[in-house]
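Trainee: Shown below is the structure under consideration.
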């Protein structure tokens with residue numbers, strides 16, 4: 001009984017003394033933190049995706065408070081959140097256009113000739129073995145290196161093809177560097193019409209390996225009339241994102257290979273892999 | 001130099017299947033109607049095109065000149081007209097620029113180099129220039145420009161020249177037949193290279209499974225002051241670092257080159273190409289390739305011109321008995337799988353191999369069971385199992401710490417792995433990522 005009492009008292013006294021020491025040390029060596037940094041961090045999404053170019057949200061928050069970055073530099077934060085941060089810091093929020101990733105390929109398993117491959121299931125490794133399993137040298141390999149790199153689950157691998165869901169994409173650009181074929185570009189979220197092909201080969205060569213390649217027939221260029229909605233680059237047509245075409249252009253141009261697609265229909269699987 | 005043979009650590013003994021073609025004499029391939037010569041056949045800078053569509057060329061004329069010091073020129077395999085400069089399937093699976101020549105059927109030599117029959121009294125510098133002008137690369141497989149290896153930088157001394165006649169890859173017999181049939185040319189090439197390096201002698205290393213080649217070489221070796229050394233049969237005996245160890249007992253440190261241990265290694269086929277360039281004044285426009293495989297009707301060794309499509313090469317051997325499962329350029333251990341028959345013969349195409357269906361199986365890889373067999377067989381004494389885990393977790397920094405850069409991609413680890421893990425592929429990936437990172441830092 002006595003021993004137990006001594007132990008409890010001794011431990012209690014020791015605890016109290018150490019507590020006081022810790023308290024003094026904490027006061028004496030306190031690190032000055034701008035509480036605004038914490039305030040900004042609270043208002044950020046906290047995904048730590050690195051899309052802003054800083055080492056996570058805390059680092060970005062610090063940069064914003066120190067004026068090295070704009071609140072709009074966070075690609076993930078919704079406009080309301082950006083406005084909130086700007087209001088909190090008493091600075092003006094910059095208007096920024098939302099950009100989303102686009103995989104410039106429509107060659108799923110039904111569309112491209114595939115060779116047998118049973119090596120590492122990773123695009124960057126697969127590309128080392130005869131350039132990958134897709135018939136097209138420029139096509140999506142479909143092993144999902146981009147999907148792995150996406151912290152927001154915005155990329156789906158569907159039938160051997162990476163498809164970006166624009167509503168989930170926040171524009172952090174992590175996927176852009178992950179693709180060994182450099183297929184992913186950032187486009188304005190408002191643009192609806194895209195060319196889902198990135199092969200610079202001649203039309204006939206592309207058609208041999210892929211049913212839905214852009215063969216640069218220029219039907220879409222003609223359909224846009226005077227407007228320069230579509231730009232021809234060698235044997236490939238590209239959407240002019242400076243002057244994006246209206247959704248009606250897809251219908252009007254009747255793309256013979258269905259490489260010209262509406263993003264919403266492509267994501268929903270509306271093209272079914274078949275070309276006309 | 002002692003004649004003691006050393007066995008390097010590790011290695012594997014795959015079924016060599018050389019019996020299919022080792023007794024088949026080298027045959028000259030008939031002239032084809034057209035050749036598609038791949039532009040970039042060497043490690044280093046691509047050569048610069050000097051011809052254009054419609055040009056008429058003679059056999060041996062320059063098609064492209066060297067694009068730098070680590071680069072070699074390219075010559076026409078026959079006389080004819082340049083039909084097209086376009087893309088054709090390359091050995092890595094990607095389409096690569098190539099020059100298509102329509103043969104005129106004359107096969108007439110253009111202005112070849114002046115033969116240097118008096119090479120013994122020719123300046124070594126002139127000989128080296130000839131090796132470069134003739135576009136000779138390492139014909140064992142890597143395609144490294146030969147003249148670069150013969151140019152040790154200031155301060156590096158070379159005391160041993162080794163000719164690589166190990167031919168440890170299963171199935172391949174091209175070097176074997178070459179040493180047997182052209183032993184004199186091999187020895188002559190060795191003597192010329194020795195003169196370029198300022199050496200008196202050279203060693204030709206041959207695996208002991210080719211006793212007839214050793215015998216043939218020994219008959220002529222004395223005349224050219226070279227020696228022949230039998231080597232234990234062990235894959236990868238023909239790898240540069242393993243070969244140097246077997247012959248000299250020196251170990252090339254990680255990240256260093258053979259010249260750091262005072263050695264130069266050249267393939268026997270490169271030596272013959274060098275002898276042809278110097279004594280006959282001929283550029284490197286053909287090579288001996290083993291066309292083999294269980295499903296090939298009549299496997300054999302053929303002297304093929306650069307730009308011969310694999311499709312045509314297979315016609316020379318009578319086609320196939322059954323649908324093969326896989327087409328490889330090179331041997332089964334290090335060869336590269338092809339997806340097209342349109343790929344053409346290059347300076348480093350040592351073999352065209354068709355793997356039949358009963359030799360391969362479809363499998364998926366299982367988790368590592370930590371058995372350590374890969375560690376036992378690794379000739380570079382690295383830890384394949386651990387490195388593969390680092391790569392799977394995208395920890396390339398960790399892989400680098402574990403010396404993945406020392407990997408020679410011989411494939412011994414993948415060969416023995418009971419879980420059939422794609423170890424070699426992981427290491428290739430890691431090496432590329434690490435090099436990309438290094439370039440970024442620069």
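Trainee: For the condition outside the structural domain of residue A:195 (by TED's automatic domain parsing) and touching a strand residue (DSSP E or B) at 6+ places or on another chain (Cβ under 8 Å), what is the one hit in A:75, A:79, A:71?
Mentor: Matching residue, one of A:75, A:79, A:71: A:75.
Trainee: Would you check if there is a residue in the range A:102-110 being surrounded by fewer than 20 Cβ atoms within 10 Å (Cβ to Cβ), without any contact (Cβ under 8 Å) to a residue 24 or more places away in the chain and over 23 Å from residue B:92 (Cβ atoms)?
Mentor: Checked against the condition, which is being surrounded by fewer than 20 Cβ atoms within 10 Å (Cβ to Cβ), without any contact (Cβ under 8 Å) to a residue 24 or more places away in the chain and over 23 Å from residue B:92 (Cβ atoms), the range A:102-110 yields no hits at all.
Trainee: Looking at (1) crowded, with 21+ Cβ neighbours inside 10 Å; (2) within 9 Å of another protein chain (Cβ to nearest Cβ); (3) under 23 Å from residue B:341 (Cβ atoms), find the lone condition where residue A:139 falls short.
Mentor: (2)
Trainee: As an exercise: evaluate residue A:184 against (1) closer than 27 Å to residue B:365 by Cα; (2) touching a helix residue (DSSP H, G or I) at 6+ places or on another chain (Cβ under 6 Å); (3) more than 12 Å from chain B (Cβ to nearest Cβ) and give the number of the one condition it does not meet.
Mentor: Checking residue A:184 against (1) closer than 27 Å to residue B:365 by Cα; (2) touching a helix residue (DSSP H, G or I) at 6+ places or on another chain (Cβ under 6 Å); (3) more than 12 Å from chain B (Cβ to nearest Cβ), the one that fails is (1).
Trainee: Among B:97, B:91, which is buried (at least 19 other Cβ atoms within 10 Å of the Cβ) and within 14 Å of another protein chain (Cβ to nearest Cβ)?
Mentor: Matching residue, one of B:97, B:91: B:91.
For every residue, the table says whether it meets (1) modelled with pLDDT of 90 or more; (2) surrounded by fewer than 23 Cβ atoms within 10 Å (Cβ to Cβ); (3) away from every other protein chain (no Cβ under 14 Å); (4) within 12 Å of the chain's Cα centre (by Cα).
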position	(1), (2), (3), (4)
A:117	no, yes, no, no
A:129	no, yes, no, no
A:132	no, no, no, no
A:135	no, yes, no, no
A:144	yes, yes, no, no
A:161	yes, no, yes, no
A:165	yes, yes, yes, yes
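Trainee: Out of the range B:77-88, which residues are under 11 Å from residue B:38 (Cα atoms) and more than 10 Å from chain A (Cβ to nearest Cβ)?
Mentor: Within the range B:77-88, B:85, B:88 meet the criteria.
Trainee: Given (1) more than 10 Å from chain B (Cβ to nearest Cβ); (2) without any contact (Cβ under 8 Å) to a residue 12 or more places away in the chain; (3) in contact with a helix residue (DSSP H, G or I) (Cβ under 8 Å, 6 or more places away or on another chain); (4) over 22 Å from residue A:268 (Cα atoms), where does residue A:174 come up short, assuming only one miss?
Mentor: (2)
Trainee: Here's a follow-up. Of everything in the range B:30-52, what is over 20 Å from the mean Cα position of the chain (by Cα) and part of a loop (DSSP other than H, G, I, E, B)? Give them in sequence order.
Mentor: Within the range B:30-52, B:30, B:31, B:32, B:33, B:50, B:51, B:52 qualify.
Trainee: Another question about this same structure. Any residue in the range B:126-135 that is farther than 26 Å from residue B:350 by Cα and touching a residue at least 40 places away in the same chain (Cβ under 8 Å)?
Mentor: Taking the range B:126-135 and keeping what is farther than 26 Å from residue B:350 by Cα, we get B:126.
Pick out the ones that are also touching a residue at least 40 places away in the same chain (Cβ under 8 Å) and you get none.
No, the range B:126-135 contains no residue that is farther than 26 Å from residue B:350 by Cα and touching a residue at least 40 places away in the same chain (Cβ under 8 Å).
Trainee: Among the residues of the range B:242-276, which ones are in a loop (DSSP other than H, G, I, E, B) and in contact (Cβ under 8 Å) with a residue 12 or more places away in the chain?
Mentor: Residues satisfying the conditions are B:249, B:250, B:252, B:254, B:255, B:262.
Trainee: Now, a different point. Do we find a residue being surrounded by fewer than 20 Cβ atoms within 10 Å (Cβ to Cβ), touching a helix residue (DSSP H, G or I) at 6+ places or on another chain (Cβ under 6 Å) and within 30 Å of residue B:335 (Cα to Cα) anywhere in the range B:149-164?
Mentor: Yes, there is a match, as at least one residue in the range B:149-164 is surrounded by fewer than 20 Cβ atoms within 10 Å (Cβ to Cβ), touching a helix residue (DSSP H, G or I) at 6+ places or on another chain (Cβ under 6 Å) and within 30 Å of residue B:335 (Cα to Cα).
Trainee: Mind checking whether some residue in the range B:386-395 is within 12 Å of chain A (Cβ to nearest Cβ) and within 19 Å of residue B:239 (Cβ to Cβ)? Give the steps one after another, and end with the answer.
Mentor: At the first step, the residues of the range B:386-395 found to be within 12 Å of chain A (Cβ to nearest Cβ) are B:388, B:391-394.
Still in the running and within 19 Å of residue B:239 (Cβ to Cβ): none.
Within the range B:386-395, none of the residues are within 12 Å of chain A (Cβ to nearest Cβ) and within 19 Å of residue B:239 (Cβ to Cβ).
Trainee: Given B:226, B:233, which one is within 25 Å of residue B:17 (Cβ to Cβ) and at pLDDT below 95?
Mentor: The unique qualifying residue is B:233.
Trainee: Since residue B:139 meets every condition but one in (1) closer than 25 Å to residue B:114 by Cα; (2) at pLDDT 95 or above, which condition does it not meet?
Mentor: (2)
Trainee: Right, something else. Can you spot a residue in the range B:48-67 that is touching a helix residue (DSSP H, G or I) at 6+ places or on another chain (Cβ under 8 Å), surrounded by fewer than 20 Cβ atoms within 10 Å (Cβ to Cβ) and more than 30 Å from residue B:413 (Cβ to Cβ)?
Mentor: No, every residue in the range B:48-67 fails to be touching a helix residue (DSSP H, G or I) at 6+ places or on another chain (Cβ under 8 Å), surrounded by fewer than 20 Cβ atoms within 10 Å (Cβ to Cβ) and more than 30 Å from residue B:413 (Cβ to Cβ).
Trainee: Taking the range B:380-410 as the region of interest, how many residues are closer than 17 Å to residue B:169 by Cβ and crowded, with 23+ Cβ neighbours inside 10 Å?
Mentor: 1
Trainee: Can you pull out every residue in the range B:56-77 that is assigned to a loop (DSSP other than H, G, I, E, B) and under 12 Å from residue B:100 (Cβ atoms)? Step through it out loud before you land on a result.
Mentor: Of the range B:56-77, the ones assigned to a loop (DSSP other than H, G, I, E, B) are B:58, B:60-61, B:66-73, B:76-77.
Passing the criteria: B:76, B:77.
Trainee: How many residues, within the range B:352-367, are surrounded by 18 or more Cβ atoms within 10 Å (Cβ to Cβ) and away from chain A (no Cβ under 14 Å)?
Mentor: 3
Trainee: Go through the range B:330-351 residue by residue and tally those that are more than 14 Å from chain A (Cβ to nearest Cβ) and under 25 Å from residue B:12 (Cα atoms).
Mentor: Going through the range B:330-351 one residue at a time, the tally reaches 7.
Trainee: In the range B:183-210, what count of residues is obtained for those that are farther than 20 Å from residue B:120 by Cβ and out of contact with any strand residue (DSSP E or B) (no Cβ under 8 Å at 6 or more places or on another chain)?
Mentor: Looking only at that region, the number is 1.
Trainee: Another question, then. Given the condition surrounded by 22 or more Cβ atoms within 10 Å (Cβ to Cβ) and within 14 Å of another protein chain (Cβ to nearest Cβ), answer yes or no: does some residue in the range B:320-329 qualify? Lay out the reasoning, then the answer.
Mentor: Applying the first criterion (surrounded by 22 or more Cβ atoms within 10 Å (Cβ to Cβ)) to the range B:320-329 yields B:329.
Pick out the ones that are also within 14 Å of another protein chain (Cβ to nearest Cβ) and you get B:329.
For the range B:320-329, residues surrounded by 22 or more Cβ atoms within 10 Å (Cβ to Cβ) and within 14 Å of another protein chain (Cβ to nearest Cβ): present.
Trainee: Among the helices (runs of 4 or more DSSP H) contained in the range A:192-259, which hold 3 or more residues that are surrounded by fewer than 20 Cβ atoms within 10 Å (Cβ to Cβ) and away from chain B (no Cβ under 14 Å)?
Mentor: Because the criterion is at least 3 residues that are surrounded by fewer than 20 Cβ atoms within 10 Å (Cβ to Cβ) and away from chain B (no Cβ under 14 Å), the helices (runs of 4 or more DSSP H) in the range A:192-259 that meet it are A:219-223, A:248-253.
The values are calculated or read from the model by the stated rules, or taken from the named source; none is laboratory data. Everything quoted here is computed from the prediction, not taken from an experiment. We place every Cβ from the backbone using ideal geometry, glycine too, and count neighbours over all the protein chains shown.
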